[in-house]
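Since the structure comes first, as C-alpha cells, the remarks are kept for the end.
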C-alpha cells in the first residue's frame, strides 16, 4: 500500500494503483483527508473492496502487474525488469486467463508447451513469479507443477595462454579495460559499468555499486547484488595508472553499460573464432582459478569476488585442479628425485 504524502494545502493524499488502462498505462485513484492516517485508511478500505469485487474477473496478467507494482520499491531494478519481461513475452494464453479459471492442470499444460522452446531455468523463473502471484490471489490453490530438470552446466575456465592472446587482440580497444577488470580483478560486468575513478586507488579498487538496466529503459546505479558485493580488490600501481588514464570525462573507468559489455564481448569472441563457451563471465572464473593456483584460501577468494558462499569457487576448483595435476605431479617427481639423488650420493660416500 502506498504511503500518504502531504499536499501544499496541508491535507494528505494517497495515490492507489488500481490497474492498467487499455494501452497498458498505470491507473491510480486518489484519496485525500485531513490526516495521514485517515487518508491511508480510506485507500486501504477501497483497496480491499476493490480486490474482493474484481479478483474473480482479474486475469493473471493484471494480477501479476499489480504484484510487481506493489514490490517495485523493494526489489532490485533488474529483478523488476525481468518480471515485466516474463509478463510481456512469455505464456500469453496463461496470462490472459482469469484467476478464477486457473487450476494446477491449466498451469501444467501451459508449461508443458512453454518448455518446448525455453530452457529449464527460464521455465523455473517464470513459474516462480506466477506461483508467488497465485499465493496472494488464490491461497487455496495447491500448485504442484512438474518442470524440466535443470541441466548441470560445466563452467569454462580459460588458461593463461588464452588470456594473454586475448589481451594482445584487444590492445588499443576500449573493451580491453573491461576485459582486464574481469580477468585480473574478478569484477562483474555491472560492477565494471559503475566503476568510477573515485573508487580506484593505487593499491586497490573499492566495489560499492553496480549499473543495471531498469524497466522503461535507461540505467540505474545501485548497490551490489548482495552485502558480499561490497569489497576491496587489490591492484598494482601500474594497473591503477592504466585505469585512471582510460577514464572518461564523467569519471567512469569504462563507458559501456553492463549488458553492452557482454554483447561487445560476444561480438569480439565470434569475430576472433574463440570458444563459444568463453562468455564474459568466464573471465571471473579465470580470476578465481588464478587465485586458487596462487594458494589463496577459498574463503578469501569468495570475499574478493563478492560471493556469499564457496559454491562457485568449488566449481572452479573442480575444473582447474584436474588439469593442473600434471604440473603438481612434476613438482612431486622433482622433490622425490632430489631426495633419492641425495640418498644415492650418501651411499656412494
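The values are calculated or read from the model by the stated rules, or taken from the named source; none is laboratory data. Predicted model only: the values in this text are computed from it and were never measured. Virtual Cβ from ideal backbone geometry, glycine too; neighbours counted across all protein chains shown.
Based on this model, can you work out whether residue 280 counts as modelled with pLDDT of 90 or more and out of contact with any strand residue (DSSP E or B) (no Cβ under 6 Å at 6 or more places or on another chain)?
So residue 280 passes the test.
This table checks each residue for (1) surrounded by 14 or more Cβ atoms within 10 Å (Cβ to Cβ); (2) touching a helix residue (DSSP H, G or I) at 6+ places or on another chain (Cβ under 9 Å); (3) in contact (Cβ under 8 Å) with a residue 40 or more places away in the chain.
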position: 83; (1), (2), (3): yes, yes, yes
position: 91; (1), (2), (3): yes, yes, no
position: 98; (1), (2), (3): yes, yes, yes
position: 101; (1), (2), (3): no, no, no
position: 107; (1), (2), (3): yes, yes, no
position: 111; (1), (2), (3): yes, yes, no
position: 116; (1), (2), (3): no, no, no
position: 122; (1), (2), (3): yes, yes, no
position: 130; (1), (2), (3): yes, yes, yes
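On the basis of being over 19 Å from the mean Cα position of the chain (by Cα), in contact (Cβ under 8 Å) with a residue 12 or more places away in the chain and either crowded, with 18+ Cβ neighbours inside 10 Å or not assigned by TED's automatic domain parsing to the domain that holds residue 82 (or both), does residue 240 make the cut?
Against the criterion (over 19 Å from the mean Cα position of the chain (by Cα), in contact (Cβ under 8 Å) with a residue 12 or more places away in the chain and either crowded, with 18+ Cβ neighbours inside 10 Å or not assigned by TED's automatic domain parsing to the domain that holds residue 82 (or both)), residue 240 qualifies.
Just wondering, is there one or more residues in the stretch 244-256 that are at pLDDT 90 or above, assigned by TED's automatic domain parsing to the domain that holds residue 201, touching a helix residue (DSSP H, G or I) at 6+ places or on another chain (Cβ under 7 Å) and within 21 Å of residue 311 (Cα to Cα)?
No - not one qualifying residue is present in the stretch 244-256.
Has the stretch 308-316 got at least one residue that is in a helix (DSSP H, G or I), in contact with a helix residue (DSSP H, G or I) (Cβ under 6 Å, 6 or more places away or on another chain) and either surrounded by 18 or more Cβ atoms within 10 Å (Cβ to Cβ) or free of Cβ contacts under 8 Å to residues at least 60 places away in the same chain (or both)?
yes
Condition check: over 22 Å from the mean Cα position of the chain (by Cα), at pLDDT 90 or above and in a loop (DSSP other than H, G, I, E, B). Does residue 274 satisfy that? Steps first, please.
Values: over 22 Å from the mean Cα position of the chain (by Cα): yes; at pLDDT 90 or above: yes; in a loop (DSSP other than H, G, I, E, B): yes.
Answer is yes for this residue.
Let me spell it out: the conditions are (1) over 22 Å from residue 135 (Cα atoms); (2) touching a residue at least 24 places away in the same chain (Cβ under 8 Å), and residue 17 meets all of them except one. Which number is the exception?
The single condition residue 17 does not satisfy is (1).
Cβ-Cβ below 7 Å, separation at least six or inter-chain, first residue in the stretch 21-43 and without any contact (Cβ under 8 Å) to a residue 40 or more places away in the chain and outside the structural domain of residue 66 (by TED's automatic domain parsing), second surrounded by fewer than 12 Cβ atoms within 10 Å (Cβ to Cβ) and in a strand (DSSP E or B): which pairs?
Correct list of pairs: 21/27.
Pull up the stretch 164-187, narrow it to residues that are in contact with a helix residue (DSSP H, G or I) (Cβ under 6 Å, 6 or more places away or on another chain) and not in a helix (DSSP H, G or I), then point me to the one that is surrounded by the most Cβ atoms within 10 Å (Cβ to Cβ).
Taking the stretch 164-187 and keeping what is in contact with a helix residue (DSSP H, G or I) (Cβ under 6 Å, 6 or more places away or on another chain), we get 170, 175, 177-178, 181-183, 186-187.
Next, only the ones that are not in a helix (DSSP H, G or I) stay: 170, 186-187.
Values: 170: 18, 186: 24, 187: 27.
Restricting to residues being in contact with a helix residue (DSSP H, G or I) (Cβ under 6 Å, 6 or more places away or on another chain) and not in a helix (DSSP H, G or I), the top hit is 187.
What are the residues in the stretch 137-158 that are touching a residue at least 40 places away in the same chain (Cβ under 8 Å) and surrounded by 14 or more Cβ atoms within 10 Å (Cβ to Cβ), if any?
Selection gives 137, 145, 155, 156, 157, 158.
Would the stretch 286-294 turn up any residue that is over 20 Å from residue 155 (Cα atoms), surrounded by fewer than 17 Cβ atoms within 10 Å (Cβ to Cβ) and either touching a helix residue (DSSP H, G or I) at 6+ places or on another chain (Cβ under 8 Å) or touching a residue at least 12 places away in the same chain (Cβ under 8 Å) (or both)?
No; the residues of the stretch 286-294 include none that is over 20 Å from residue 155 (Cα atoms), surrounded by fewer than 17 Cβ atoms within 10 Å (Cβ to Cβ) and either touching a helix residue (DSSP H, G or I) at 6+ places or on another chain (Cβ under 8 Å) or touching a residue at least 12 places away in the same chain (Cβ under 8 Å) (or both).
Which condition from (1) under 26 Å from residue 212 (Cβ atoms); (2) touching a strand residue (DSSP E or B) at 6+ places or on another chain (Cβ under 6 Å) is the one that residue 72 breaks?
In the conditions (1) under 26 Å from residue 212 (Cβ atoms); (2) touching a strand residue (DSSP E or B) at 6+ places or on another chain (Cβ under 6 Å), residue 72 misses (2) alone.
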